[in-house]
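Undergrad: One structure, pasted below without further comment.
The values are calculated or read from the model by the stated rules, or taken from the named source; none is laboratory data. Just so we're clear, the structure is a prediction, and the values are computed from it rather than from any experiment. Reconstructed Cβ throughout: ideal geometry from the backbone, glycine too, with neighbour counts over all protein chains shown. Ligands, DNA and RNA are excluded from the accessible area calculation, which covers all protein heavy atoms including side chains. Shrake-Rupley method; radii C 1.70, N 1.55, O 1.52, S 1.80 Å.
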Amino acid sequence: MSGVQLPANLSEETVREISDARDEPEWLLERRLSALDALDELELPDVIQTPGRRWTNLEALDFESLVDPLDQGDETERTSAEGVEVLTFTEALDEHPDLVESAFGSTVDPEENYLTALSAALFTTGTVVYVPEGVDAEDVTVRAEMNSRSLFSHTLVVTEESSSVTILESIESGEDVDADARYFSNLVEIDAGENSYVQYGSLQDLDEDTYTYSLKRADVGTYATVNWIEGNLGSRLTRSDVESELNGDSSETKIVGAFFGHGDQHFDVNARVWHNAENTTADLVTRGVLDDEARSVYEGVQDVGREAWNTSSYQRENTLMLSDDSEADASPKLIIHNHDTEASHSATVGQVDKEDLFYMVSRAIPDGQARNMLVEGFFVPVLEEIAVDEFRDDLEELIAARLR
C-alpha cells in the first residue's frame, strides 16, 4: 500500500459530482470510481534508489494541501488543422463516444500507479485529437493556463492508417491562486495506426510553487512513427515520463528532451522505449542544464524483446552544471533479450569547459555573455531535432529568458 494521505474531500460523492457536472456516460463514471477505489492499494511511481537514498522523494507530496478536486480551472486554446478534429474531452464524448471509450486507458492503465489513478478519477480538462485515414495535418496546438490549486488533464490522440499530425501542447500558470503550492497532472495516450506519423511536442513552464506529474505513452503500430519533444523549465518538482511501445513491425520513435533548472528546482525525467516487434528503431536524446541548487534525475530505458529481430536503439543524455551546488544523476539502461540488436547508450555530467570559457573571454566577450553562449550552444543538438518551428522558437525564448 502507498501510505499516501488522501485529500479529505476526496470521496465517491466528489467523483460523481465531477462526472455529473460534465454529463458523462456511465462507463466513464465507472472507470473513475474504479480508479478511486484502487488508490488505497496502489504505490507511487517507481523512483531510482541507491542504498540509503531515494533520488526523488514523491512521498513528501502533501496531497491534503495540494489537491482540491472540486476547484479546478483552466483556460485552454485549441487550434485545429484541415481534416483533423481537435475536441475538448466533453465534446469528444458526444461526437465520438465509441472512439473515446476504446482509446481511454488503452495505452495508459488508469490504475498503473497512485498518481495515474488519482488523475483518472479527478480529471476535468483534456483534449481528443482524431486524425482520419489519409489526412496530413500540421499546426495543431493546445495551449493551457492553470488557474486553480490543482488541475488534472487527460489527452487522447488517435491517428488512423496513413495519416499524420504535428501537435504542440503547452502549460503555464495563470492567475494567482490563494495556495502555497499547486499540483498539475497530465496523462497523454497516443494510438498511432498503421503507417501513421505523430510528432507531439510538450512544453511545461508552470510557476515554481507547482508540483507536476506527467505520463505520456504511445502505442506505435506497423510502419508508424511517434516522435516526442519534451521541454521542462517550470515547477518546483517535475516528474516526467515519456514512453513508446513499438508494437508494430518497422515502427519507429524518437524521444527528445530538454530541461533547465535553477533555484531549488528538481527534475525527474525519464525516457523509455519497448521494442516488441521486428525491424524497429528508437533514438533517445536528452539535454539538461542546472544552476544554483537545482537537481536532476534521469532514467533512460531501451527494452528489446525476444521477438524484436533487427532492432536499432540509441540513447544519449548530457547534463551541464553551471553551479558547484547543483547535482545530477543519470541511469541509462539497456535490457536486451535478442542478439539481433544494434544498440548504444551514454550519459555525461559535467561543467562548462573552462578552456572554452577562457578562449571566449580572451576574445573580449564578457564572462556572463560567454557562459550564456556556451549554454545556448549546448542545447543546439536538441533544438536541431525539433522540426516544429513554433515549438523550437518557444523553447529558445524560454532558455534565453532563464539565462537573463
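Undergrad: Contact list please: Cβ distance under 7 Å, first residue in the range 35-53 and without any contact (Cβ under 8 Å) to a residue 40 or more places away in the chain and farther than 19 Å from Asp329 by Cβ, second residue part of a loop (DSSP other than H, G, I, E, B) and of a type in the set (A, V, I, L, M, F, W, C), pairs at least six apart or on different chains.
TA: Asp40/Met1
Undergrad: In contact with a strand residue (DSSP E or B) (Cβ under 6 Å, 6 or more places away or on another chain) and at negative phi: is that true of Ser173 in this structure?
TA: Taking the combined requirement at face value, the residue satisfies it.
Undergrad: Could we say that Ser150 is within 19 Å of Leu87 (Cα to Cα), open to solvent by less than 10 Å² (accessible area, probe 1.4 Å) and either free of Cβ contacts under 8 Å to residues at least 12 places away in the same chain or more than 17 Å from the chain's Cα centre (by Cα) (or both) here?
TA: no
Undergrad: Can you tell me which residue within the range 158-190, out of those that are at pLDDT 95 or above and not in a strand (DSSP E or B), is surrounded by the most Cβ atoms within 10 Å (Cβ to Cβ)?
TA: It comes out as Ser163.
Undergrad: Being basic (Lys, Arg) and out of contact with any strand residue (DSSP E or B) (no Cβ under 7 Å at 6 or more places or on another chain) narrows it down to one residue among Arg363, Arg287; which is it?
TA: Just a single option satisfies the conditions, and that option is Arg363.
Undergrad: Please find, among Arg316, Arg404, the residue that is of a type in the set (Lys, Arg) and in contact with a Pro (Cβ under 9 Å, 6 or more places away or on another chain).
TA: Residue meeting the stated conditions: Arg316.
Undergrad: Does any residue of the range 236-245 turn out to be acidic (Asp, Glu), touching a strand residue (DSSP E or B) at 6+ places or on another chain (Cβ under 6 Å), open to solvent by 30 Å² or more (accessible area, probe 1.4 Å) and without any contact (Cβ under 8 Å) to a residue 60 or more places away in the chain?
TA: For the range 236-245, residues acidic (Asp, Glu), touching a strand residue (DSSP E or B) at 6+ places or on another chain (Cβ under 6 Å), open to solvent by 30 Å² or more (accessible area, probe 1.4 Å) and without any contact (Cβ under 8 Å) to a residue 60 or more places away in the chain: absent.
Results for (1) over 26 Å from Thr56 (Cβ atoms); (2) hydrophobic (A, V, I, L, M, F, W, C), shown as yes or no for each residue.
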residue	(1), (2)
Ala294	no, yes
Asn318	no, no
Pro332	no, no
Gln351	no, no
Val361	yes, yes
Gln369	yes, no
Val375	no, yes
Leu398	no, yes
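Undergrad: For the range 346-374, which residues satisfy the criterion of being under 23 Å from the mean Cα position of the chain (by Cα) and buried (at least 17 other Cβ atoms within 10 Å of the Cβ)?
TA: Listed by number, the residues that qualify are Ala347, Val349.
Undergrad: Moving to a separate point now. Can you name every residue in the range 313-345 that is surrounded by fewer than 20 Cβ atoms within 10 Å (Cβ to Cβ) and of a type in the set (S, T, N, Q)?
TA: Ser323, Ser331, Asn338, Thr341, Ser344
Undergrad: Take Ser102 and decide whether it is open to solvent by 70 Å² or more (accessible area, probe 1.4 Å) and more than 19 Å from the chain's Cα centre (by Cα).
TA: So Ser102 passes the test.
Undergrad: Let me ask something else. Among the numbered conditions (1) in a strand (DSSP E or B); (2) more than 30 Å from Asp207 (Cβ to Cβ); (3) open to solvent by 10 Å² or more (accessible area, probe 1.4 Å), tell me where Ala282 comes up short.
TA: Answer for Ala282: the failing condition is (3).
Undergrad: Now for a different question. Applying the selection to the range 381-403, what residues are in a helix (DSSP H, G or I), open to solvent by 30 Å² or more (accessible area, probe 1.4 Å) and out of contact with any Asp or Glu (no Cβ under 7 Å at 6 or more places or on another chain)?
TA: Selection gives Pro381, Asp389, Glu390, Arg392, Asp393, Asp394, Glu396, Glu397, Ala401, Arg402.
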